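Below: the structure, in structure tokens.
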Amino acid sequence: MLKNILLSLALLVTVAVSYSDSHSKKPSDSTPKKKLYILTSTNTLRSLSQEIAGALLKIESLTKGKQDPHYLSAKPSYMLKANKADLLIINGLDLEVGWLPNIIAGSKNPKIQKGKQGYLDTSDFITALSVPTTKVDRFFGDIHPFGNPHFLLDPIRAIQAVKAISNKLAELDPNNKTQYIKNQEMFEKKLLKKTTEWEQRIKKSGVKKIVSYHSSFEYFLDRFDLKLTGLIEEKPGIPPSSKHILHIVKKIKQEQSFCVLTASWYQTKWAKKLKQMANILVQPTAIEVGAVETATNYILLIEGIVQSIESCKAK
Amino acid sequence: MKLLNSLILFLLTVNYALAVPTKTNPDISLNILLLGQKSFQDKPSEKESHKGSAHSHEGHQHQSTDGVSVQEVELYFKSNIDPYWTGNISLGLAQHGSHFDLDLETAYIDSLFIPNFTLRAGKFYTFFGRHNDLHSHYYPFIDPPLINQKLFGFHGLNGVGASIAYLSPLPWYSEAVIQTIKEEHYRGILFLKNLWDLTDQSTLELDLTYARTIKELSKPNSFSLVSINNITNYINQIDLWKDLYNLSLTWKWQDGNNINSAVWTTELVYSNGKLSKQSTKPPRGLALKNLKPTKNAASLNSYIQFQLLKNWWLQGRAEVILDSKWKQIELQKYSTLLAWTATEYSAVRLQYDMIKINADWSYAIALQTNMSLGAHPAHLY
């Protein structure tokens, strides 16, 4: 009986390996071309990839815009999507570390394993901020040991990510290489122009300091020469205590820094406290494409943050 | 001396693992489960009282685990080996009465190179229903379901063997797994997992398992024992099953940002046939007083978990084990659990159990702390 089972297993392995070989063969020229299927970890990456690919590719995101990409559940249905993907594009810097490894492992898709041609980590192409220089542990909260992962809120770093995406798409789909490069150049030009406009508007607003809930805006602040007064959360992933809120309120008043931004998915219990204690209004702001209805693409996402800052001044 | 050697080896491994952080190191995590518990019992009948005083079974000495203990310390390594294989190793250090046992829980490799298939070889927990392949820090309750303890004992259905998993091209998630292992005897397992997205936030999972003892071994392996919820001091031998069937159904709902969620799982287990040889394998957890190995047994367990706030969970579980004719309830157990998870890396859980074995009621209260150090573990769904 055992011998039969082992023989059956061996037969299955042989069939599986043969299937793998046939699966990995390139289709002949006569095979009708199927659209490549691109899976992104975040909705912002989906939007950026769409700028390059247009309607040439099918692109989907695992996280919806309204979901915090730190905390997705590795649903088996996501593994099914990953199983069919020709390319997986991730943010990286451990933003997805709590869920993506299980999805990649469960996908049973050799193409999108780390280091393979169908795996693109966009953080490999940018310079990260807040990379710990000393030993860190979780006393400091849910810290990212390779640096702050929210780099896509800096339009210039987003351009670097888009270039990496464009190059990868050209590599996987050489027939449309010219189109991808053309789209990438157009998008870069458009984004550079908008960045100059956003710089001018932020300067005009007179806002120089920001308070935020999580360190989501670090790259944005760095790009637009804004300073961070403080963070509402005590440490990454650790909700604020009353004592910490009192400390932040004191700092806000001392530094006259009344512009408080938060990602739209964070709990607002603390925001009510700020309102009660010091009449400080908090601006829930989209930090992912699709997090609010108006942030339908990357440019509108950044536009929304700039408008939030402008409205701080207006108050 | 054995204890000292085990501890030294374990500490050296932990020290090496956590002290050499390089980019090529595997992901390493250490999980610590500490447990305090107290059990109470209604007056047992004279017959039961007499039986309960017997502490020895096939050479094993069993003690009450009331009090404070190290339920388990688990060291876990995970890394890709090369572009074709990934490796997983977990070592468990568990308190066994007054001393500790070091145990290789899992050591296996998974293939990465075959589309839609995963080959696995090594020592691993097999897929059997919802619970068997979980490591102890992922258990929904402090202890495993009674039927798992009764059938598989301390180590679960875990052994050295091989498996092949196939992800089907069906429109919903459907995975079939064939596994064969050598543990106490040679076992073969067929597992089919199906999951449907009902909405963006809710899923329904239907798992079917069939397990068979393929070949009996005349000299079964011996296993160490730790009892995590030992109501009495009496340990009975586990069921010597020939064929097992499991059907489990799970509905799960989660809001978009993991602040509120609910899970409802119901599992039906049926065992048929009894092996000829005696087992030395003791059960894990609850002492199954007066439950003799039977030719047939059936069990139903159902639990519900509510994540009330981001950090708070309230849970309830009901379990029954029926006699071989499915007419009489031999054992029933009801558990409630309240958990506070300060962060993803630490939790404190309080569990209250009511157990009725034949005519006697027992009660237990347990407090567990669950701490994780090291690499961020990806969450299971």
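By a 1.4 Å probe calculation restricted to protein chains, B:Met354 has an accessible surface near 70 Å², given to the nearest 10.
Where Rh denotes the Kirkwood radius from the mean inverse Cα pair distance, what is Rg over Rh for region A:103-163? Present the calculation step by step, with values, prior to reporting the outcome.
Values: Rg = 14.6 Å, Rh = 13.8 Å.
Ratio of gyration radius to Kirkwood radius for region A:103-163: 1.06.
Summing Cβ point charges (Lys, Arg +1; Asp, Glu -1) relative to the Cα centre of chain A gives a dipole of roughly 480 debye. If you take the alpha carbon atoms of region A:206-311 and fit the smallest convex hull around them, that volume is 97 Å³ per residue. With the simple model of a label 7 Å out from the Cα in the direction of the Cβ, A:Phe139 to B:Gln201 spans 3.9 nm.
Each part gets one Cα centre, and for region B:357-381 versus region B:112-168 those centres are 18 Å apart. The listed residues A:Lys227, A:Lys194, once ranked by accessible area (1.4 Å probe) with the largest placed first, stand as A:Lys227, A:Lys194.
Shielding by partners for peptide A:99-105, expressed as the average number of C-beta atoms from other protein chains within 10 Å of each residue's C-beta, is 4.
Taking the Cα of A:Lys204, stepping 7 Å toward and past its beta carbon, and measuring to each backbone N in region A:285-315: which are under 17 Å? Of the residues in region A:285-315, A:303-315 have backbone N under 17 Å from the label point off A:Lys204. Quick check for you: which residues of region B:294-334 have the amide N under 17 Å from the point 7 Å beyond the Cα of B:Leu380 toward its beta carbon? Counting backbone N atoms under 17 Å from the label point, the list is B:302-306.
Give me the Å³ per residue figure for the convex hull around the C-alpha atoms of region A:34-168. Could the numbers behind the result be given before it?
Working: hull volume 15.6 nm³, N = 135.
Per-residue hull volume (Cα only) is 116 Å³.
Here the contact order of region A:206-311, divided by its residue count and restricted to Cα pairs under 8 Å and six or more residues apart, works out to 23 percent. Take each residue of peptide A:63-75, count the partner chain Cβ atoms within 10 Å of its Cβ, and average: the result is 4. Residues of region B:87-106 falling in the label zone of B:Lys38, defined by backbone nitrogen less than 11 Å from a point 7 Å along Cα to beta-carbon, are absent. For the pair A:Lys177 and A:Ala55, a Förster radius of 22 Å applied to the C-beta separation gives a FRET efficiency near 0.85, rounded to the nearest 0.05. Rolling a 1.4 Å probe over the protein heavy atoms leaves B:His379 with an accessible area of roughly 50 Å².
Give me the percent of DSSP beta bridges within region A:206-311 that run antiparallel, rounded to the nearest 5. Don't jump to the answer; show the numbers that get you there.
Details: 1 of 11 bridges.
Bridges in region A:206-311 that DSSP calls antiparallel: roughly 10 percent.
Computed over the alpha carbons of region A:252-315, Rg followed by Dmax gives 12.6, 37 Å.
The antiparallel fraction among DSSP beta bridges confined to chain A stands at about 5%. This model, with +1 at the C-beta of Lys and Arg and -1 at the C-beta of Asp and Glu, gives region A:206-311 a dipole about its Cα centre of some 680 debye.
For the full complex of protein chains and a 1.4 angstrom probe, list A:Glu188, B:Glu344 by accessible area with the highest value first. Walk me through the numbers on the way to the answer.
On the way: A:Glu188 45, B:Glu344 70 Å².
Correct descending sequence by accessible area is B:Glu344, A:Glu188.
Can you give the net charge of the other residues whose Cβ lies under 11 Å from the Cβ of A:Gly147, counting K and R as +1 and D and E as -1? Neighbourhood net charge equals -2.
Seen from every direction in turn and averaged, the convex hull around the alpha carbons of region A:216-265 projects onto 3.9 nm².
Between A:Tyr37 and A:Glu185, what length comes free when the chain is fully extended (0.36 nm per residue of separation minus the Cα-Cα distance, one decimal in nm)? Before the final figure, lay out the partial values.
Details: separation 148, 0.36 × 148 = 53.28 nm, distance 2.26 nm.
In short, 51.0 nm is gained.
Taking label positions 7 Å along the Cα-Cβ direction at both A:Lys250 and A:Ile238, the computed distance is 1.8 nm, reported to one decimal.
Taken over chain A, the alpha-carbon convex hull comes to 164 cubic angstrom per residue. Amide H contacts of B:Gly159 (H built 1.01 Å from N, in plane; Pro and chain starts excluded): B:Phe124, B:Thr126 sit under 5 Å, all sequence-distant by 5 or more or on other chains.
The values are calculated or read from the model by the stated rules, or taken from the named source; none is laboratory data. Here the structure is a predicted model, which is why all the values come from computation and not from measurement. Cβ coordinates were reconstructed from backbone atoms using ideal geometry, including for glycine residues, and neighbour counts include every protein chain displayed. For the accessible areas, the whole protein counts, side chains as well, though only heavy atoms, and no ligand, DNA or RNA atoms are used. Shrake-Rupley method; radii C 1.70, N 1.55, O 1.52, S 1.80 Å.
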